[in-house]
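Have a look at the structure below, then the notes.
The values are calculated or read from the model by the stated rules, or taken from the named source; none is laboratory data. Just so it is clear, the model here is predicted, and its values are computed rather than measured. Don't worry about glycine lacking a Cβ; one is built from the backbone with ideal geometry, like all the others, and counts go over all protein chains shown.
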């Protein structure tokens, strides 16, 4: 069996801290390393569209709405950002002409974030790139293994809320 980064790290921990059990890192550590790799890969693919993953997430969330509109609070819940981070991203997306802020017809004090035609065009193209990148990033597993991996990751994700 070939040792990966996590195997090597755990061997080192066992040598210097035999009182600790590094076994949980065999899962958690690998997920972190894979997440970093996947995020880098996604950002490289989206750069062709002038987007970061964070910008893509906002545009994609709007695109999945039938009318392409959400309040900033609804967006915030969908992409898990701080309100300051959201404002910064919305400012940049608005400067690029991909979104616009409009008065909320249901709340005179509120605003709605709306996808512009240019935003819809960029997110449609970027989504094709994103889906292709995700397909390329899948591990070489058979259908049953992929199904098991999906179910286990979903179980883990739902357990953390």
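A few points about this structure:
- Test: residue 15 is surrounded by fewer than 13 Cβ atoms within 10 Å (Cβ to Cβ) and either in contact with a helix residue (DSSP H, G or I) (Cβ under 6 Å, 6 or more places away or on another chain) or within 25 Å of residue 114 (Cα to Cα) (or both): no
- Which numbered condition residue 143 misses (of (1) in contact (Cβ under 8 Å) with a residue 24 or more places away in the chain; (2) over 18 Å from the mean Cα position of the chain (by Cα)): (1)
- Against the numbered list (1) surrounded by 13 or more Cβ atoms within 10 Å (Cβ to Cβ); (2) at pLDDT below 95; (3) part of a loop (DSSP other than H, G, I, E, B), residue 54 comes up short only at (3).
- Restricting 72, 139, 105 to those that are touching a strand residue (DSSP E or B) at 6+ places or on another chain (Cβ under 9 Å) and exposed (fewer than 11 other Cβ atoms within 10 Å of the Cβ) reduces the list to 105.
- Candidates 76, 70, 90: the one that is without any contact (Cβ under 8 Å) to a residue 40 or more places away in the chain and within 17 Å of residue 116 (Cβ to Cβ) is 90.
- Within the option set 108, 130, 100, being modelled with pLDDT of 95 or more and not in a helix (DSSP H, G or I) holds for one residue only, 100.
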